Amino acid sequence: MGCVHGKCCSHYTSSSNGDDQENGPYGSNIHPNINHLQTESSLDSVAIPSNKYRLEYSAVTQRGYYPGSPDKVNQDCFCIKTQIQGNPNLHFFGVFDGHGQFGTQCSHFVKDRLVEILSEDPILIEDPVKAYDSAFLATNTELHDSEIDDTMSGTTAITVLVCGNTLFIGNVGDSRAVLAVKSGGRVVAEDLSYDQTPFREDEYERVKLCGARVLSVDQVEGIKDPDVQTWGDEENDGGDPPRLWVQNGMYPGTAFTRSVGDSTAEKIGVVAAPEVSMVRLTPEHLFFVIASDGVFEFMSSQAVVDMVLKYSDPRQACAAIARESYKLWMSMKVLEFILGETEFIVIWVMQQWIAYIICVSLPRWRSLNATLS
């Protein structure tokens, strides 16, 4: 999401045929019926022989309904690649959230090239952090040099590399990875990534130094004082978050501070350099979820973890998260309509709501569910 007309200020729609089966269960025919908006999902697994455990994982996507474009397709995609470099202990999971007129092409390009570059990097196992950084920057350069117009289009990316008993999380944008941790008799959500938006003071200061104006839509349109910060925290911004604008124009209007692509926004600080974190797995770590902001704009990290705990396998959990976030999105749209915010409705209902979720269970998830039931 993230911009007046999506994640960046493009008034155009885009198209895609979706992902292929190699990268996941994606691409059912979408009809204007809530019950038919969710793709089928499969349950797969892969062994981690070095640490003698097995990952179970599933992915699902769901999108909103657009009255003027009932067959509109996703700009988002995912990638699950097991046994990278032929290593049975090295596995990659990623969600890519496209935006702009050519967001579909951008997200698919990045999905393919990022994991390819990582797979070809000889230092991946020795130094995953350096490999991640190089892969994101190289992919960004290749996207700029490709035939895809990424002037006002691009993609965010949230990725997790499983390396034996260690997770390496590479993030660009405002999608999110969350880990479920058993603590003191309960299960708590631990964010593995931090949304890169102007709500973050460090990101706000960084893009300001790069020449960005950081204003809400009401401010840039003169409705509110541009010299007074009008937004609150990310949980309660009221639908008008801070965005990035060039000094003398009303573009690009991105609500994120990092992405792959977005060559115009790159000039004011929207960079493709990832934030990379690491977590060493312990028996207290139960599962992780990676999802686009179509989930996390409406559900907290803890709410997502709590929902996963209700189900016996990742496939059911993914489907439930998609249903719940879609329901919350629809509730917000209905409320806005009742309140008479017609112009706002047109902007938001016609943008692409999308939830893309990958849920990966870790060794003790099933035993925990048995204990809690």
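None of the figures in this text is laboratory data; all of them are computed from the coordinates on show. Treat the numbers as computed from the prediction; the structure is a model and nothing was measured. Cβ: placed from backbone, ideal geometry, glycine included. Neighbour counts: every protein chain shown.
The relative contact order of the range 241-295, computed from alpha carbon pairs under 8 Å that lie at least 6 residues apart in sequence, is 22 percent. Model label sites at Ile123 and Asp191, defined 7 Å from Cα along the beta-carbon direction, differ in position by 2.9 nm.
The protection proxy used here, the mean number of other Cβ atoms lying within 10 Å of each residue, ranks peptides 275-284, 96-105, 289-298 as follows, highest first: 96-105, 289-298, 275-284. In this simple spin-label model, placing a label point 7 Å from the Cα along the Cα-to-Cβ direction at both Arg280 and Lys310 gives a separation of 3.6 nm.
Checking the cross-link pairs Lys52/Lys130; Lys81/Lys111; Lys52/Lys81; Lys52/Lys182 against a 22 Å limit on the alpha carbon distance flags Lys52/Lys130 as lying beyond it.
Distance between the pseudo-spin-label points of Ser45 and Leu328 (7 Å out from Cα toward the beta carbon): 3.1 nm.
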